[in-house]
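Working notes for the structure below.
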Amino acid sequence: MLRYLTAGESHGKAVSALLEGMPSGLKLDIKALNADMSRRQGGYGRGGRQAIERDVVDITAGVRFATTLGSPIMINVINRDWENWHERMSVEGSSSKRGELVTRPRPGHADLAGAMKYAEGDVRNILERSSARETAARVAVGGVCKELLRAFGIDVFSWVIGVGGVSSKTSLLDSKKSASELFKAAEISALRCPSKAATSKMKKAVDMAKAKGDSLGGLFEVAVTGTPPGLGSHVQWDRKLDARLTMALMSVQAIKSVEVGLGRDVSSTPGSRVHDEISFKGTSSSSCKGKAEYWPSAKHFMRKTNNAGGIEGGMTNGEPIILRAAMKPIPTLYKPLKSVDIRTKKSFLATIERSDICAVPAASVVGEAVVAFEVARVFLEKFGGDSMLEIKRNYKGYLKQLEKF
């Protein structure tokens, strides 16, 4: 069973992740892992924290000579800003060095609800952990999961399709470009948007929000290609893959809604235009890899459309998985909203913490990571073994079974 836990505070010594259940024999590309860490820090509209941190993974267990051992993998991401916070965030010593108490919760954050739940008089004890800095650990975990999926011809992509009301209309659902083409275009965009024209408009929207002391949210898409039919299950509610993927995305800080495939548009579209008609390709094709270890095979069922987003009945159907997530504007504003001091109960302007104007590009990279983990998890549930050798044998056997169906 693949699982992970994260730990660490935003201004603590590090954020960490413990990943358990990864098989032995998986080769890791450490440069690729660190490239993802860097991608999470990028994007037009990011704040000053990203100029301080230079995130890299520090793997202290579970890997030897860049190869997994089958034992738990421990990953640390050191916070460089810890040097400026070691007294105020010290694990030991006197609380007299903690600095001024944070007693003014920020609207839209976990501050007030968390302080009430955990009986904290200092909101910093809540905001440090609820911070999106925690996602650095999740991107590291997702990077390892991507390595596993790539070994079986499965790739995870993301791109931004909207910021602050500016839409690029570059969803894989109706694009003539492939997922890899959209991703390649997104990677050279300041806002991770495949459209150059939309990127320019998005940058202007971010600049306007910054001038007003405001922030912007947006929409991003995650696509997974190369998944075979049958990941997930219809037999129990908690085994349905679309439910698990949407939960994973909703667990990311500031994500408020998630769609699969056509999403909410299914509510206003006739069934004749919603459901994907099935056909069968019985001959080899240059678009198929044609190798026993990868999907699709030369002979397979297929859909001309993909409104289902690659998932039917809680299971993959062989088409690309398509997910979209909506991110709310960052709640920390440089022109703060009104709040109430938890100690005096008097009205004040909310506390200002260093923040971003727009973090949608970063959120899309985090989206890749949490989706990669969940797909890797259902993949191992179906083909699991203790080593890559065993899993590859199981996977090849299943694809042969599909060839004969």
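Assorted remarks:
- Of all residues in region 219-241, one or more are part of a helix (DSSP H, G or I) and surrounded by 23 or more Cβ atoms within 10 Å (Cβ to Cβ).
- Looking only at region 1-30, and only at residues there that are more than 19 Å from the chain's Cα centre (by Cα) and of a type in the set (Lys, Arg), the one that is modelled with the lowest pLDDT: Lys13
- Checklist (1) free of Cβ contacts under 8 Å to residues at least 60 places away in the same chain; (2) in contact with a strand residue (DSSP E or B) (Cβ under 7 Å, 6 or more places away or on another chain) applied to Ser94, failing item: (2)
- Residues satisfying the stated conditions in region 1-37, i.e. farther than 19 Å from Glu134 by Cα and without any contact (Cβ under 8 Å) to a residue 12 or more places away in the chain: Lys31
- Conditions (1) on the phi > 0 side of the Ramachandran plot; (2) surrounded by fewer than 14 Cβ atoms within 10 Å (Cβ to Cβ); number of the one not met by Gly62: (2)
- Annotation note: of Gly114, Gly25, Gly45, Gly70, the sole residue that is surrounded by 14 or more Cβ atoms within 10 Å (Cβ to Cβ), within 28 Å of Ser339 (Cβ to Cβ), touching a strand residue (DSSP E or B) at 6+ places or on another chain (Cβ under 6 Å) and small (Gly, Ala, Ser) is Gly45.
Rundown of residues vs (1) over 18 Å from the mean Cα position of the chain (by Cα); (2) at pLDDT below 95, yes/no style:
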{"position": "His234", "(1), (2)": "yes, no"}
{"position": "Asp238", "(1), (2)": "yes, no"}
{"position": "Ser251", "(1), (2)": "no, no"}
{"position": "Ala292", "(1), (2)": "yes, yes"}
{"position": "Ala298", "(1), (2)": "yes, yes"}
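- Criterion: of a type in the set (Asp, Glu), closer than 30 Å to Val206 by Cα and modelled with pLDDT of 95 or more - qualifying residue of Asp36, Asp81: Asp36
- Among the residues of region 163-206, those that are in a loop (DSSP other than H, G, I, E, B) and of a type in the set (A, V, I, L, M) comprise Leu172, Leu173, Ile188, Ala190, Leu191.
- Taking the conditions (1) at pLDDT below 95; (2) in a strand (DSSP E or B) in turn, Ser257 satisfies each one other than (1).
- Restricting region 362-405 to residues that are among the small types (Gly, Ala, Ser) and farther than 24 Å from His300 by Cβ, the residue that is modelled with the lowest pLDDT: Gly385
- Condition broken by Phe348, with the remaining ones in (1) over 22 Å from Ser178 (Cα atoms); (2) at pLDDT 95 or above; (3) not basic (Lys, Arg) satisfied: (2)
- So Gly93, is it of a type outside the set (Phe, Trp, Tyr), crowded, with 16+ Cβ neighbours inside 10 Å and under 26 Å from Ser16 (Cβ atoms): no
- Residues in region 296-319 that are polar (S, T, N, Q), closer than 13 Å to Val224 by Cα and outside any strand (DSSP E or B): 2 in all.
The values are calculated or read from the model by the stated rules, or taken from the named source; none is laboratory data. Source: prediction; values computed, not measured. Cβ coordinates were reconstructed from backbone atoms using ideal geometry, including for glycine residues, and neighbour counts include every protein chain displayed.
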